[in-house]
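Q: Quick one: the structure is below, and I'll ask about it shortly.
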């Protein structure tokens, strides 16, 4: 498993548009066989901050995700909505062990 947390800060006037584009991408992403989970979470204290929690079955699945049309559309659509460049942190899971995700 490869878990990626993508931290995004969007311009306040772009929150709704970012949500719409990101949910469209997330719905398509969970259909990919290499993605076990794809969560979109929004910070309560600052609604312009989001974290995408992406759980891939392998590093190759993460690479394949970035080759999809829906990812390219999302990336291009939200580029100008960013208040600052997005960042990501990669993790491996320790617990629970892979339970067939």
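Nothing in this text is a laboratory measurement; each read-out follows from the coordinates by a stated rule. In this text, all values refer to a predicted model and were calculated from it rather than measured experimentally.
Q: Just need log10 I(q)/I(0) for the chain at q = 0.16, 0.23 Å⁻¹, Debye formula, equal scatterers on the alpha-carbon atoms, no solvent, rounded to two decimals.
A: With no solvent term, the Cα-only Debye profile gives -0.68, -1.27.
Q: Relative contact order for the chain: what percent, with Cα pairs under 8 Å and sequence separation of 6 or more?
A: With pairs under 8 Å counted, the relative contact order is 45 percent.
Q: Report, to the nearest 10°, how far helix 69-78 tilts away from the longest principal axis of the Cα atoms in the chain, using its own Cα long axis and a range of 0 to 90°.
A: On a 0 to 90 degree scale, this one is about 30.
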